[in-house]
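Working notes for the structure below.
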6 protein chains.
Amino acid sequence: MRKPRRPSKRTIQQLGRVTTPTITTVLTKEHGINNAAIRNVWPCSTSACRFAGPAYTIRYLPLREDLKPAQYLDHRDNLITPAVESMPPGCVAVLDANQRNDVGMLGGNLVTRMKARGIAGVVTDGGMRDIPEIAEIGLPVFVTAIAAPPSFTKLMAVDAERPVSCGGVPVYPGDVIVADEEGVVCVPAHLAASVAEIGLAMDHIEGYIQQRLARGEPLEGLYPPSERVRREFAQWVASGEPPI
Amino acid sequence: MRKPRRPSKRTIQQLGRVTTPTITTVLTKEHGINNAAIRNVWPCSTSACRFAGPAYTIRYLPLREDLKPAQYLDHRDNLITPAVESMPPGCVAVLDANQRNDVGMLGGNLVTRMKARGIAGVVTDGGMRDIPEIAEIGLPVFVTAIAAPPSFTKLMAVDAERPVSCGGVPVYPGDVIVADEEGVVCVPAHLAASVAEIGLAMDHIEGYIQQRLARGEPLEGLYPPSERVRREFAQWVASGEPPI
Amino acid sequence: MRKPRRPSKRTIQQLGRVTTPTITTVLTKEHGINNAAIRNVWPCSTSACRFAGPAYTIRYLPLREDLKPAQYLDHRDNLITPAVESMPPGCVAVLDANQRNDVGMLGGNLVTRMKARGIAGVVTDGGMRDIPEIAEIGLPVFVTAIAAPPSFTKLMAVDAERPVSCGGVPVYPGDVIVADEEGVVCVPAHLAASVAEIGLAMDHIEGYIQQRLARGEPLEGLYPPSERVRREFAQWVASGEPPI
Amino acid sequence: MRKPRRPSKRTIQQLGRVTTPTITTVLTKEHGINNAAIRNVWPCSTSACRFAGPAYTIRYLPLREDLKPAQYLDHRDNLITPAVESMPPGCVAVLDANQRNDVGMLGGNLVTRMKARGIAGVVTDGGMRDIPEIAEIGLPVFVTAIAAPPSFTKLMAVDAERPVSCGGVPVYPGDVIVADEEGVVCVPAHLAASVAEIGLAMDHIEGYIQQRLARGEPLEGLYPPSERVRREFAQWVASGEPPI
Amino acid sequence: MRKPRRPSKRTIQQLGRVTTPTITTVLTKEHGINNAAIRNVWPCSTSACRFAGPAYTIRYLPLREDLKPAQYLDHRDNLITPAVESMPPGCVAVLDANQRNDVGMLGGNLVTRMKARGIAGVVTDGGMRDIPEIAEIGLPVFVTAIAAPPSFTKLMAVDAERPVSCGGVPVYPGDVIVADEEGVVCVPAHLAASVAEIGLAMDHIEGYIQQRLARGEPLEGLYPPSERVRREFAQWVASGEPPI
Amino acid sequence: MRKPRRPSKRTIQQLGRVTTPTITTVLTKEHGINNAAIRNVWPCSTSACRFAGPAYTIRYLPLREDLKPAQYLDHRDNLITPAVESMPPGCVAVLDANQRNDVGMLGGNLVTRMKARGIAGVVTDGGMRDIPEIAEIGLPVFVTAIAAPPSFTKLMAVDAERPVSCGGVPVYPGDVIVADEEGVVCVPAHLAASVAEIGLAMDHIEGYIQQRLARGEPLEGLYPPSERVRREFAQWVASGEPPI
């Protein structure tokens, strides 16, 4: 597959302002992509759970016991230290943990270093250790479980910057990973600009509709918006958005 | 099966004052029903998690891709809009999501409308989107997961007001659905009055027993209460319930 | 298997000061034990989640329906009341619930009694009922789920103080069970003293390293610590541990 | 949803001559339907495993214990006897067993009656009892498991001729169910004629290609067939199909 | 629980002549026991799959790595060799493998010894190795999987002749284990005589009914048999059972 | 990780003569490797199920819908045709299907081509289509399921000759894959010679032991063999192996 162009900084910033439910709606309705939300992940800290950035992937496999020592960070063959030290600032680390929730993929020390290096966030379909520390560090980290044991009890890292599966979703290096309170989604690089534009517009009108629903209007014609409601929305926007 | 009489408003109110653990105890000990608690659901908001009301059921199946457009709310064949607009106030919407936790069955707009229409609560064995909004709306909604993607990425609604399975529990339209901090239970319509009466009495004496246990009395004879303890409870009740 | 000597009170206290991630690291790196963390459990109360004590085990099997009445606490054959009344103060009750998350293994009354008797904590790979009450009682209780139904809807107790499986981990009576915010681990009795000693030292130096990482130093040589960093740590400790 | 016209007898016969792998290929490539093969089912008898016919559906839910007696075939409320006696000859009975493989949905007596009534076949995503008898009876029956216990130990029938899920696949009454050695697929009624026509042609040319591959030709251009290979196939067909 | 009397040899022989589907029907309809069929097991050899005998149980737990050497058959602490050498002839070995299908619980050598010692059969909810050899040895062995790795890669034996769970079913030592082509069921010791008697009668009349169904009679009144059909059956039996 | 030397042709041939249970025993007892047997796979044909050869790996991920056309064999970006055409004769194709059993990874045409090119065998932790054809072709193919739908309904190929996971086992290109009636195991390349040598010796003496067990000798001292039995075995071998 030919590599798509990397999305612009502006596109990434825009995507960071679209909610993840809206991103998934745009992907399925406009592009037929139904499998974009990384399953079962939640943020270690509810106050640090938003980011958007290009994926930097690390792939793990089930451990082969004779390769366990090579997983220790001070072994010359370990892949994690060089990966962490070469991630570009602003990227999102995506760790394919084979959906194991009984190992902690990272701990406080590695997350501290990632924060210092300017990583935008982390997502893994595995567990995480040192959760209280991570919550304090303030780097947004999405995980499937709290898990004390180090990753090398069950897994080994095998390569970086290759396509991976994370929470059932295929992630290519450079795809845009977006997170908020409702989870993490992966936007294919070549669709990022389109999704950002449509998504922002959709979030805008849906907020307007919800206010009208809250006042007791029925669904019919209002949600999804009829042509008439779209015109009323446009007028309301043009009028300077007073509290409707 | 012959349809049972609908439980009275009073019975429903009483059931809303019995805890869900007690309801399950009464159902298993008095009626041999072991499978009444909807599995794995939790409330979107901890401050809005209590309700009791008759079930209004909606049934979903795995999506057939050619029927995806009919799931959009503005398609003439969509079942959701008419279902939401015809639910009676006070009912509990029960959505059989086939235990899929990777889709959001409802979003903020539909929940806003349900709140406006006086629905008592919602329970689904699927995920939910727009969770922060739903927490603000204040309608109690029990779900199995936070899930950004719209339901039509994987599911389609097929009918309403038919018996369904929700979280492993059979639910007939009209069964009484009761929720509190510990989850959601389904009380078969014809047993509702009996469960309400026995349950209220059981909660009363168990609170009394717990206070005596907290003061250091041993289990034997006290919990479950012997005849003597039952008499002491009756005296305590008769005495006007001072702090024991 | 010959029974190992019981760990000393001092060892148990020391283990209670080591974090569970560190305990699992020591067990896998020093002793080759990869399976020590009880899976999927979380504390009913975040303010009561730390303990260390010897395991007192209770084993359950799937219910055989004709033995259901013998599970009621007032049946002469029930095993739970005598077990609760004979647990030694300071022990940790370990309930092998066969990983069923649809039953509540204990309720408020039994937990109240366990608290009164000086039990250090409870862990089960099953659900729990009366969670709000348990949070108030203040006894640390780790569970896999909130579940209203009583345990005898699906399970029956068959013996106590035999080896059990809890959350996928083998637990022998007398093993040291340690819990903190990140979960519960089982330390085999004969390894307790060694794990306590190495673990305390490891937590000490890792805290020092994290502070240096937070100031921007790279991983190489610092984490894991080189000989030079170990010397610097020793000097820092010797210097009286000012804020580095 | 508007009901589609029932497929003609001729279409059903043609579908019965297309292999199930080919049917799934046509459904996904021509119609975007990826979810047509009922998962995990196998035939009770390898010599009786082919059929094609319109679906007659029966839906089950988890048992509610007080409704167990109504599942006995001699109870006036039981749904199974009237369903079996009203199935049209040539139909395929589709039993939605909620993917439970620990119950036997039917036994020898009911299958004997279905055979006598001219049913074309049976498929369920549950288990089956009396498997040796069923193999002798000769009615093709696809199941997920051998399971001795009667269905009413865990399930209850709730309705017939409604849309169901079977092995993860949505099945509407009247969809064409096709089975062969490789399993069972569901062809939506309105697509049946198209799938039959394309599928027959595809099976024809693929058989031709395989013979050329067996003689050592490389994949490129041959499989899938280039325009040139399609012409050669046409010539070969025109030539009267001697052994190529 | 008080130990029930052991079933007589005659009862065990009678149970060996009742089919496992019938045994499960009698247990659920007469005794309310729904959970008697060991899930997912199949015989290593289709020609050696029938037995009935009292259970001799062996219980395993997840392996603790430092106890792995004690699992080797030549280690003084291993439990398997003494268990095999002390099983009474005629018993059925029931191995609780924690439903792991990735280990082989026994191999050809141990099964050879069990055959030589007169064991009636083996059932485990785990895998088995040396399946081709076991098929030749002729001892009926029911398993959930073919699995090459020895059990001590994941499991350790902890005790014998204690209650266990096997394939989701509780088994007490001395319960009667019955196997045929359709699987393995566990009959509680105190119910064995009753199940044997009712089951034999039920199998007798059901065979008669099936013949009448095969000739085209409808279900109504015939299956389950009405009083009239029961009388006709009695006459047919009295008449010496010619081919009806 | 440095690449290990490829095992010699002779080592591969020797491994092909060791049974898979014995290989797993040697790997766990001699090398501490517990995870070598690919889970849940079985051969499409019982008469073609033996092979040994170096792994040629192909890796799949969950499908991203916009990349579905690139999976068709006539798309210029498809990876499968070039992979099949470049596999070296004698290798074993290992397809990482993410343990999906609802798709057919290969069909008759591709297997025909692989057979023509001299591939030794195929193993996948996914399903397979065209099973009857594959059984006739005679190439040994191990799968987890019969599954009619083509792989591109759910999966996409992403790379070849990278480390993969297959049935829970890590497989590096060049590892030796060995299959027999009991499944498929992966021998790390650098251990192949050692495993072959020890395994052949172990199979030899175990066959001798089994004959003595069959004659009624007890386990003690015989299995595992004591020094005395080892000497008797050596004498028996030296004597020319008459039927003992």
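The values are calculated or read from the model by the stated rules, or taken from the named source; none is laboratory data. Every value quoted in this text rests on a predicted model; they were computed, and no experiment measured them. Cβ: placed from backbone, ideal geometry, glycine included. Neighbour counts: every protein chain shown.
Odds and ends about this structure:
- B:V94 vs. criteria among the β-branched types (V, I, T), touching a helix residue (DSSP H, G or I) at 6+ places or on another chain (Cβ under 7 Å) and closer than 28 Å to B:H190 by Cα: no
- The residue pairs whose first member lies in the range C:181-192 and is within 14 Å of chain A (Cβ to nearest Cβ) and within 20 Å of C:R39 (Cα to Cα), whose second member is of a type in the set (S, T, N, Q) and assigned to a helix (DSSP H, G or I), and whose beta carbons are closer than 8 Å, counting only pairs six or more residues apart or on different chains, are C:E182/C:T20; C:G183/C:T20; C:V184/C:T20; C:V185/C:T20; C:V185/C:T24.
- Odd one out for A:D180, checked against (1) buried (at least 18 other Cβ atoms within 10 Å of the Cβ); (2) at pLDDT below 95: (2)
- Those residues of the range B:209-232 which are outside any loop (DSSP other than H, G, I, E, B) and surrounded by fewer than 18 Cβ atoms within 10 Å (Cβ to Cβ), in sequence order: B:Q211, B:A214, B:E227, B:R228, B:R230, B:R231, B:E232
- Residue in the range A:76-88 that is in contact with a Gly (Cβ under 6 Å, 6 or more places away or on another chain), buried (at least 19 other Cβ atoms within 10 Å of the Cβ) and touching a residue at least 24 places away in the same chain (Cβ under 8 Å) present: no
- Residues of the range F:21-38 that are more than 18 Å from F:A93 (Cβ to Cβ) and out of contact with any Pro (no Cβ under 9 Å at 6 or more places or on another chain): F:T22, F:I23, F:V26, F:E30, F:G32.
- Selection of the range B:1-56 for residues being within 11 Å of another protein chain (Cβ to nearest Cβ), surrounded by 19 or more Cβ atoms within 10 Å (Cβ to Cβ) and polar (S, T, N, Q) yields B:T19, B:T20, B:T22, B:T24, B:T25, B:T28, B:N34, B:N35, B:N40.
- Filtered residue count, the range B:17-54, keeping only those that are under 19 Å from B:I137 (Cα atoms) and over 10 Å from the mean Cα position of the chain (by Cα): 7
- Residue under evaluation F:G240, criteria (1) farther than 21 Å from E:D74 by Cβ; (2) surrounded by 16 or more Cβ atoms within 10 Å (Cβ to Cβ), criterion not met: (2)
- Count - residues of the range C:209-235 that are over 19 Å from A:Y72 (Cβ atoms) and within 11 Å of chain A (Cβ to nearest Cβ): 6
- Residue list for the range F:156-170, restricted to those being surrounded by 19 or more Cβ atoms within 10 Å (Cβ to Cβ) and part of a loop (DSSP other than H, G, I, E, B): F:P163, F:G167
Here is a yes/no grid of residues against (1) touching a Phe, Trp or Tyr at 6+ places or on another chain (Cβ under 6 Å); (2) at pLDDT 95 or above; (3) not hydroxyl-bearing (S, T, Y):
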residue: A:H190; (1), (2), (3): no, yes, yes
residue: A:A193; (1), (2), (3): no, yes, yes
residue: A:L200; (1), (2), (3): no, yes, yes
residue: A:G207; (1), (2), (3): no, no, yes
residue: A:E217; (1), (2), (3): no, yes, yes
residue: A:F233; (1), (2), (3): yes, yes, yes
residue: A:G240; (1), (2), (3): no, no, yes
residue: A:P243; (1), (2), (3): no, no, yes
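- Positions within the range A:129-180 being within 7 Å of another protein chain (Cβ to nearest Cβ) and under 16 Å from the mean Cα position of the chain (by Cα), in sequence order: A:P163, A:S165, A:G168, A:V169, A:P170
- Being surrounded by 18 or more Cβ atoms within 10 Å (Cβ to Cβ), within 24 Å of B:T11 (Cβ to Cβ) and either within 31 Å of the chain's Cα centre (by Cα) or aliphatic (A, V, I, L, M) (or both) is true of B:E206.
- When the range F:142-161 is filtered for residues that are in contact with a Pro (Cβ under 7 Å, 6 or more places away or on another chain) and over 20 Å from F:E65 (Cα atoms), the ones remaining, listed by number, are F:F142, F:E161.
- Among the candidates F:P21, F:P62, residue that is closer than 27 Å to A:M156 by Cβ, outside the structural domain of F:F142 (by TED's automatic domain parsing) and modelled with pLDDT of 95 or more: F:P21
- For the condition touching a Ser or Thr at 6+ places or on another chain (Cβ under 7 Å) and not in a helix (DSSP H, G or I), D:P173 qualifies.
- Here C:G199 fulfils each of the conditions (1) in a helix (DSSP H, G or I); (2) surrounded by fewer than 24 Cβ atoms within 10 Å (Cβ to Cβ) apart from (2).
- Residue check for E:N40: at positive phi and in a loop (DSSP other than H, G, I, E, B): yes
- Among the residues of the range D:111-133, those identified as buried (at least 22 other Cβ atoms within 10 Å of the Cβ), farther than 22 Å from D:Y172 by Cα and free of Cβ contacts under 8 Å to residues at least 60 places away in the same chain are D:V111, D:T112, D:R113, D:R129, D:D130.
- Take the conditions (1) under 24 Å from A:P150 (Cβ atoms); (2) charged (D, E, K, R); (3) assigned to a loop (DSSP other than H, G, I, E, B); C:R5 misses just one of them, which is (1).
- The range C:66-75, residues that are over 23 Å from B:E206 (Cβ atoms) and crowded, with 17+ Cβ neighbours inside 10 Å: C:L67
- Applying the condition of being buried (at least 18 other Cβ atoms within 10 Å of the Cβ) and among the small types (G, A, S) to the range C:89-108 and asking which residue is farthest from the other protein chains (Cβ to nearest Cβ) yields C:A93.
- Selection count, the range B:120-158, where residues are out of contact with any Lys or Arg (no Cβ under 9 Å at 6 or more places or on another chain) and not acidic (D, E): 13
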